Amino acid sequence: MKGDEILIASFNDIPGSNNWSIAKPINKGWSDDKKYYIKTVDGKELLLRVSDITQYENKKKEFESLKLLINMDILMSRPIDFGICNNGQFVYSLLTWINGEDAEVILPKLDNKEQYNLGTKAGVFLKQIHRTPAPQNQPSWAERFNGKINKKIANYKACSIHFHGADRIIEYIEHNRSLLLNRPQSFQHGDYHVGNMIITPEGELGIVDFNRMDYGDPWEEFNRITFCVSTSPAFASGYINGYFDNKVPDLFFRLMALYIGINQLSSIPWAIPFGEEEVNIMLKQSQSVLKWYDDFKTYIPNWYVTNHD
């Protein structure tokens with residue numbers, strides 16, 4: 001048996017797997033899921049995600065949540081099938097495949113106007129995603145996120161690596177906790193940035209990897225915009241303006257600075273187990289963020305532009 005045939009045979013208890021002709025592992029991303037590109041004998045392309053059976057309830061919730069987005073006008077991996085495979089050892093999700101290349105690879109090859117326009121699409125898509133409300137029984141956002149802030153600041157202070165300017169970030173966060181009061185909550189993608197976006201051969205933007213989905217303040221999603229800025233500041237500006245239809249409230253910038261700030265603090269203890277290279281990436285990013293905000297003396301980042309002529 002060839003490699004593909006052996007791999008396909010290992011999933012023979014997934015309905016329809018007898019019609020698969022190609023199964024190739026996808027070795028990218030931070031998820032613990034195993035991911036595979038699948039092609040059927042009649043040419044359909046699919047994405048298979050496989051997790052340990054202990055993740056069954058989490059993965060079921062994830063799959064059901066994707067169904068809530070199924071009628072939206074967004075190019076995304078849509079849910080097809082969910083179940084248990086490999087003699088009860090694994091849980092699988094089968095999704096539609098988006099054909100294209102990683103946005104972080106393609107964007108730098110485009111001119112600034114194209115980057116900005118794709119950013120506005122990312123913002124419009126995210127606004128649609130946020131129309132799905134959070135369950136009624138969620139604790140208040142201020143209660144939830146203040147707990148996260150306390151934990152993340154404590155973890156940063158307790159870790160072995162610190163960066164210059166962290167005290168300015170902590171000061172900004174402490175002065176702005178009141179902004180968390182009465183914030184709405186909605187469905188969240190959970191990891192919305194260029195690393196989880198695809199650009200198709202036709203130049204369309206696609207959204208992938210909803211495996212960190214959650215519910216919370218919709219504006220918290222912008223805490224990952226740091227990864228967009230490092231690839232394309234024009235895209236990042238378009239993303240904000242597209243989300244707000246070019247009418248960005250002042251409160252948004254104040255909250256985005258808070259969410260980005262706490263993310264930078266937590267990125268250091270997060271990176272330590274991954275080694276020196278990852279730590280250095282996060283330390284460098286922290287210094288960039290401090291420059292954007294003039295050591296958090298301002299809350300509108302220096303890369304942001306209101307439009308792109």
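The values are calculated or read from the model by the stated rules, or taken from the named source; none is laboratory data. The structure displayed is predicted, hence computed values, not measured ones. Ideal geometry is used to build each Cβ from the backbone, glycine not excepted, and the neighbour counts take in all protein chains shown. Keep in mind that these areas ignore ligands, DNA and RNA; they rest on the heavy atoms of the full protein, side chains included. Shrake-Rupley method; radii C 1.70, N 1.55, O 1.52, S 1.80 Å.
Some values worked out for this structure:
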| item | result |
| --- | --- |
| Residues that are within 14 Å of Phe244 (Cα to Cα) and part of a helix (DSSP H, G or I), drawn from region 118-139 | Gly119, Thr120, Lys121, Ala122, Gly123, Val124, Phe125, Leu126, Lys127, Gln128, Ile129 |
| Region 155-192 - residue that is in contact with an Asp or Glu (Cβ under 6 Å, 6 or more places away or on another chain) and of a type in the set (D, E, K, R) and, of those, surrounded by the fewest Cβ atoms within 10 Å (Cβ to Cβ) | Arg168 |
| Residue that is modelled with the highest pLDDT, among those in region 61-75 that are open to solvent by less than 20 Å² (accessible area, probe 1.4 Å) and either touching a Pro at 6+ places or on another chain (Cβ under 7 Å) or basic (Lys, Arg) (or both) | Phe63 |
| Residue satisfying all of: in region 76-101; open to solvent by 60 Å² or more (accessible area, probe 1.4 Å) and touching a Phe, Trp or Tyr at 6+ places or on another chain (Cβ under 8 Å); farthest from Tyr37 (Cα to Cα) among these | Ile84 |
| Test for Glu278: is it surrounded by fewer than 21 Cβ atoms within 10 Å (Cβ to Cβ), of a type in the set (Asp, Glu) and either closer than 24 Å to Lys148 by Cβ or touching a helix residue (DSSP H, G or I) at 6+ places or on another chain (Cβ under 9 Å) (or both) | yes |
| Residue in region 129-154 that is surrounded by the fewest Cβ atoms within 10 Å (Cβ to Cβ), counting only those that are farther than 15 Å from Asp217 by Cβ and either among the β-branched types (Val, Ile, Thr) or touching a Leu at 6+ places or on another chain (Cβ under 8 Å) (or both) | Ile153 |
| Scope region 208-223; condition surrounded by fewer than 20 Cβ atoms within 10 Å (Cβ to Cβ) and of a type in the set (D, E, K, R); matching residues | Arg212, Asp214 |
| Residue match in region 246-263 (condition: of a type in the set (A, V, I, L, M), open to solvent by 10 Å² or more (accessible area, probe 1.4 Å) and assigned to a loop (DSSP other than H, G, I, E, B)) | yes |
| Close pairs from region 267-281: first modelled with pLDDT of 95 or more, partner surrounded by 12 or more Cβ atoms within 10 Å (Cβ to Cβ) and not in a helix (DSSP H, G or I), Cβ under 8 Å, at least 6 apart | Ile268/Cys159; Ile268/Ile161; Ile268/His162; Ile268/Phe163; Pro269/Cys159; Ile272/Cys159; Ile272/Ile161; Val279/Ile161 |
| Residues (of a type in the set (Phe, Trp, Tyr), touching a residue at least 60 places away in the same chain (Cβ under 8 Å) and outside any strand (DSSP E or B)) located in region 168-223 | Tyr172, Tyr192, Phe210 |
| Any hit, region 102-113, residues being part of a loop (DSSP other than H, G, I, E, B), surrounded by 13 or more Cβ atoms within 10 Å (Cβ to Cβ) and at pLDDT below 95 | no |
| Meets criteria (open to solvent by 60 Å² or more (accessible area, probe 1.4 Å) and of a type in the set (A, V, I, L, M)) for Ile268 | no |
| Residue under evaluation Val50, criteria (1) surrounded by 17 or more Cβ atoms within 10 Å (Cβ to Cβ); (2) at pLDDT below 95; (3) within 18 Å of the chain's Cα centre (by Cα), criterion not met | (3) |
| Candidate set from region 193-207 (those that are within 25 Å of Lys284 (Cβ to Cβ) and touching a Phe, Trp or Tyr at 6+ places or on another chain (Cβ under 7 Å)); member that is surrounded by the fewest Cβ atoms within 10 Å (Cβ to Cβ) | Gly195 |
| Count - residues of region 12-56 that are under 28 Å from Glu278 (Cα atoms) and part of a loop (DSSP other than H, G, I, E, B) | 7 |
